[in-house]
Amino acid sequence: MNLPRPAHCLLAFAAALLLRPVVPARAAEARPAPDMPFIGGVGGVYLLAEPGELVIEIEKKDLNRRDVRTELRAILAGPDREVLQEATIADDGLPRGRTPGPVQTCRLTARVLRRGVYALNVTVSQDRYGEEMVWRFRTNCARYLVETARGHRDARHEEPIVLAQPGKTGAVVFQPRTGAFRVELSRLPADGGEIRLVDSLGTPVASLRADSHGQAIHEMPAARSRPNPPWRLEFPSAQATVQIDGVTRWQEGDALPDHCLWTPQASSWFPFAENRWLLTPYRRQIFGAPGRTVAMEFQVRNEATRPREIRLGLEFPGDAWDVTLPATSLRLAPRESRPVRVRAAVPAAGSSRVVHIRATPADDSSSSTYATLAVRAGEAPAARPLSLPLQLTAYRHENEQFGHLPDFPVENQLYFDPHHRPFVRTATGIATLRQGRWESTSLPGKTSPASSKITFDREGRVYVLANRDGGTELHVSADGGRTFVATPLPRRERPPRAFELEEFTGHNPLDGPPPILRYTQTAKDEKLFWRSLNDLELFLPRFEQGRLIIGEPIHVTRQCIGLASHSGIPSSVVSRGDQVHVIWGEATDPAEKVPGVPACIATFDRSRSRLSERTVLGYGAPANDIHNSPSLTMDGPGFLHALGGTHGKPFPYAASLQPNNSAAGWSPAVPTGENTNQTYIGLVCGPDGTLHAVFRLWRYQTAPFPLSTHATLAYQRKPPGRPWEAPRVLVAAPFSEYSVFYHRLTIDRRGRLFVSYDYWSTFWFYRNDLPGRRRTVMLSPDGGDTWKLAVTADLE
């Protein structure tokens with residue numbers, strides 16, 4: 001059945017890699033999935049494709065319930081995540097009411113030259129949960145799995161499967177967990193008949209019928225094994241919301257949490273879950289001097305619950321060239337991953353070579369896939385200043401576009417000691433650059449970071465906070481980070497929610513140990529999700545006869561709304577001499593009409609052991625929102641500069657009227673701009689007194705997403721005596737709807753700016769596709785005029 005390509009299907013083609021000459025195949029057809037009803041939600045499909053032409057047809061029907069424009073975007077990517085084709089299905093343009101629109105379709109095709117797992121990514125504008133339209137697909141690929149994967153919610157992750165075509169039969173085929181699980185069905189039609197749960201041989205397991213509320217529940221007890229997987233739920237009428245423990249919602253011990261994998265027909269099932277992330281990264285390019293040998297590390301992973309052998313091989317799209325694998329197979333324990341370092345010769349100047357690294361489980365040769373390595377002669381584009389904004393695109397980030405390969409630890413942001421040496425907080429300790437090589441030091445004992453910040457005093461001592469045995473410690477190194485000594489902080493009955501220590505923000509070198517803030521939640525508002533009450537306490541550690549004394553906490557306030565530090569890492573404390581300045585956002589009475597979260601400041605005078613009265617600097621909209629953490633820095637003469645935190649509104653800015661004094665008055669709070677939808681402050685001060693801020697900035701109905709919103713990572717500065725300049729976008733998201741960049745802005749002793757960021761899309765399908773994170777670092781050597789992607793040579 002060759003369906004015509006609809007006129008409204010807008011296709012954007014990307015060049016697929018031509019791997020080797022193939023015999024022309026007859027025109028392929030997209031076979032109807034016999035039990036595929038329309039479904040709700042978004043996400044995508046993984047297809048284990050064989051050589052030949054791959055055809056996928058997508059149908060979409062708008063529900064027209066809300067005033068939104070639901071344009072479906074479909075992206076077909078190869079096993080190495082090269083984008084092969086993109087298509088959209090427009091909103092049907094009908095008035096909003098209760099009448100679903102007509103069925104619209106689009107078609108994607110690709111020439112498959114070697115077996116592998118292809119990805120079909122499906123998102124919808126203004127509808128990250130897939131509630132305003134329904135869709136389905138048909139394909140000529142025999143083996144595939146659906147992953148229902150919506151945008152995130154600020155709640156426990158669940159991915160209910162929504163069947164939305166009453167009157168048509170349907171099925172949900174899934175892998176049952178061995179532990180106890182519940183099947184919960186809702187929205188069932190009153191006359192829907194018997195719903196059967198059967199195993200892969202058709203043997204009945206259970207029978208369910210709708211009650212008077214359109215619901216049905218079945219409990220499965222734990223078992224040593226589940227015979228004849230996968231199982232399937234058979235619906236005589238495909239109208240239901242399906243929840244299955246271990247499939248649509250998860251608990252600790254589940255095989256693959258947060259992955260809702262299923263299929264509408266048993267014959268399409270393949271063991272994708274145990275072969276998830278078999279070989280990553282999926283694609284890399286590396287640049288080098290002609291004739292040199294370069295190396296790239298890939299991870300081989302066994303997601304199965306049994307030991308397995310993974311076989312490795314090389315495939316060349318043209319003539320073979322000088323590439324070596326360290327092994328042709330690896331024996332991996334359950335859930336083990338192991339690095340494989342591929343070495344390759346750089347070709348002649350002006351040329352490039354490609355090799356595919358194939359990974360195949362020895363116990364299942366059909367579940368085979370590959371990654372791609374491209375080696376190019378010359379200098380990587382990443383070595384040059386960027387043309388801003390850096391527009392990320394689907395599956396094409398910094399390496400795919402610019403050949404960027406950070407050669408230093410990127411777990412967290414960079415900090416620099418008084419001798420200009422870079423440091424990074426790691427999961428177990430710190431990493432630093434010594435004599436041109438990165439070295440790591442683990443903290444004593446089994447610890448986890450209590451903060452990603454690292455700070456230093458004038459003598460070069462290194463300070464970090466770590467958790468151990470239920471408490472928090474300040475770790476100090478007097479030898480440049482080679483060894484650390486831990487001193488515990490006093491505990492309190494309630495566990496703290498966050499810690500903060502003073503970091504260098506441009507003009508606040510420390511004379512001794514850093515001031516530390518402790519945030520402890522004392523109450524949570526059940527009606528206002530982002531409102532809570534927190535005790536804010538200040539510690540002022542000191543050395544006495546060479547011994548570190550933490551001291552007792554100084555109470556600052558009981559009204560702190562908390563600290564939002566996953567992005568921006570706002571600076572909440574700065575000090576000079578005896579004056580320690582603390583800034584925080586305050587929770588207010590919900591019945592009180594206020595313009596936002598009050599940004600409050602107070603100063604502790606060490607010489608007088610006295611905390612000043614709090615001063616309200618301004619308000620960050622909206623009220624009672626923990627996102628709205630303010631940030632504080634100071635300039636060379638000691639004037640304080642503050643930004644109030646906001647959640648999608650302009651930051652309010654104020655400056656102290658006297659240096660190093662928060663109680664002698666402040667300038668009126670003014671917004672940093674008009675209609676700047678800002679969130680998550682990063683704030684530092686340059687050597688010349690210029691203020692630098694980095695934040696998330698929302699864009700509305702602008703390219704490349706004119707129908708929806710999208711997030712950007714933006715930069716803004718304020719030269720001394722002048723207003724804030726207009727924001728400049730540093731990085732733009734590859735997907736519309738919600739995104740965050742987990743950005744952190746720091747400054748070194750020379751005034752260079754460093755932005756560590758890690759793009760995070762709301763869509764689970766995109767995030768689940770690659771294990772780990774994508775964090776990297778951008779730097780500006782000239783006060784924000786130009787930016788480039790950082791490598792070690794830039795840090796020395």
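A straight line joining the Cα centroids of the range 137-165 and the range 177-191 runs 16 Å.
Only the Cβ atoms of Lys and Arg (+1) and of Asp and Glu (-1) were treated as charged; on that basis the dipole of the chain about its Cα centre amounts to roughly 920 debye. Using a cut-off of 10 Å between beta-carbons, work out the net charge of the residues near Ala733 (Lys and Arg +1, Asp and Glu -1, Ala733 not included). Once positives and negatives cancel, what remains is +1.
For the range 644-796, the square roots a ≥ b ≥ c of the C-alpha gyration tensor eigenvalues yield an a/c of 1.5 or more together with a/b not exceeding b/c, which makes the shape oblate. The aspartates and glutamates whose alpha-carbon is closer than 18 Å to the alpha-carbon of Lys527, local same-chain residues fewer than 8 away aside, are Asp154, Glu586, Asp589, Glu592, Asp625.
Of Arg542, Arg376, Arg311, Arg224, which has the most accessible area with a 1.4 Å probe, and how do the rest follow in descending order? Display every interim value, and only then the final one.
Numbers: Arg542 100, Arg376 80, Arg311 120, Arg224 240 Å².
Output order, biggest surface exposure first: Arg224, Arg311, Arg542, Arg376.
Within the range 680-746, the proportion of Cα pairs with more than 15 Å between them is 54 percent. Is the C-alpha gyration tensor of the range 235-301 telling us rounded, prolate or oblate? Criteria: a/c under 1.5 is rounded; beyond that, a/b larger than b/c is prolate, otherwise oblate. Taking the square roots of the gyration eigenvalues as a ≥ b ≥ c, the range 235-301 is prolate. With contacts taken as Cα pairs under 8 Å and at least 6 residues apart, the range 208-358 reaches a relative contact order of 19 percent.
What is the local net charge at Pro422, summed over the other residues whose Cβ is closer than 10 Å to its Cβ (Lys, Arg +1; Asp, Glu -1)?
Numbers: positive: Arg421; negative: Asp417, Asp748, Asp794, Glu796.
Counting the neighbours of Pro422, the net charge comes to -3.
Of the options (1) 40.0; (2) 47.9; (3) 36.3, only one is mean projected area of the Cα convex hull in nm² as computed from these coordinates, and that is (3).
Can you tell me how the range 385-528 classifies by the Cα gyration tensor, rounded, prolate or oblate, using a/c under 1.5 as the rounded cut? Oblate, since a/c reaches 1.5 and b/c is not below a/b.
Using a Förster distance of 41 Å, how high is the FRET efficiency between Arg608 and Ala383, based on the Cβ-Cβ distance and rounded to 0.05? Each step should come with its number before you reach the end.
Working: r = 53 Å, r/R0 = 1.30.
Efficiency at R0 = 41 Å is approximately 0.15.
The packing ranking, built from the mean of other Cβ atoms within 10 Å per residue, places the peptides 508-517, 201-210, 476-485 in the order 508-517, 476-485, 201-210, highest first. For the range 282-297, the residues whose amide N sits under 17 Å from a probe point set 7 Å from the Cα of Ala793 along the beta carbon direction are 286-295.
Accessible surface comparison of Arg66, Arg492, probe 1.4 Å, protein chains only, largest first: the order is Arg66, Arg492. Heavy-atom accessible area of Glu537 with all protein chains present, probe 1.4 Å, nearest 10 Å²? The value for Glu537 is about 20 Å².
Please get the size of the charge dipole for the range 35-140, origin at its Cα centre, with Cβ charges of +1 on Lys and Arg and -1 on Asp and Glu, quoted in debye to the nearest 20. Walk me through the numbers before you get to the answer.
Numbers: 16 positive and 16 negative charges, 18 e Å.
Using only the charged Cβ atoms, the result is roughly 80 debye.
Under the combined filter of DSSP loop state and at most 14 neighbouring Cβ atoms within 10 Å, the range 509-566 retains these chymotrypsin sites (Phe, Trp or Tyr not before Pro): Phe529.
The modelled label-to-label distance between Lys524 and Ser352, using points 7 Å beyond Cα along the C-beta direction, is 4.9 nm. In the range 97-136, the portion of solvent-accessible area held by carbon and sulfur atoms comes to 45 percent [1.4 Å probe, whole percent, DNA, RNA and ligands not counted].
Based on DSSP H runs of at least 4 residues, each adding -39500 (n - 2.57), what is the mean residue ellipticity at 222 nm of the chain after dividing by all its residues, to the nearest 500 deg cm²/dmol? Before the final figure, lay out each step's value.
Working: 3 runs with 14 residues, N = 796.
Taking each H run of at least 4 residues, the total per residue is -500 deg cm²/dmol.
Full extension of the chain between Ser448 and Thr483 yields a length gain of 11.0 nm, computed as 0.36 nm times the residue separation minus the alpha carbon distance. Accessible surface calculations at 1.4 Å, restricted to protein heavy atoms, place the chain at 40 Å² per residue. About its Cα centre, the range 681-764 has a charge dipole of approximately 300 debye under the convention of +1 per Lys or Arg Cβ and -1 per Asp or Glu Cβ, with nothing else charged.
Got a sec? Which residues in the range 338-377 would a label at Thr293 touch, if it sits 7 Å along Cα→Cβ and we count backbone N under 15 Å? Answer for this model: 341-347.
Set the bar at 24 Å for Cα to Cα. Now go through Lys60/Lys168; Lys718/Lys788; Lys453/Lys649 and name every pair that lies beyond it.
Details: Lys60/Lys168 17 Å; Lys718/Lys788 21 Å; Lys453/Lys649 27 Å.
Going by Cα-Cα distance, Lys453/Lys649 fall outside the 24 Å limit.
When peptides 246-258, 176-188 are ranked by their average number of other Cβ atoms within 10 Å per residue, the highest-first order is 176-188, 246-258.
The values are calculated or read from the model by the stated rules, or taken from the named source; none is laboratory data. The structure presented is a predicted model; accordingly, all values stated were derived computationally and were not measured. Counting neighbours? That spans all protein chains shown, and the Cβs are built from the backbone with ideal geometry, glycine included. Note: areas computed on protein heavy atoms with side chains; ligands, DNA, RNA excluded. Shrake-Rupley method; radii C 1.70, N 1.55, O 1.52, S 1.80 Å.
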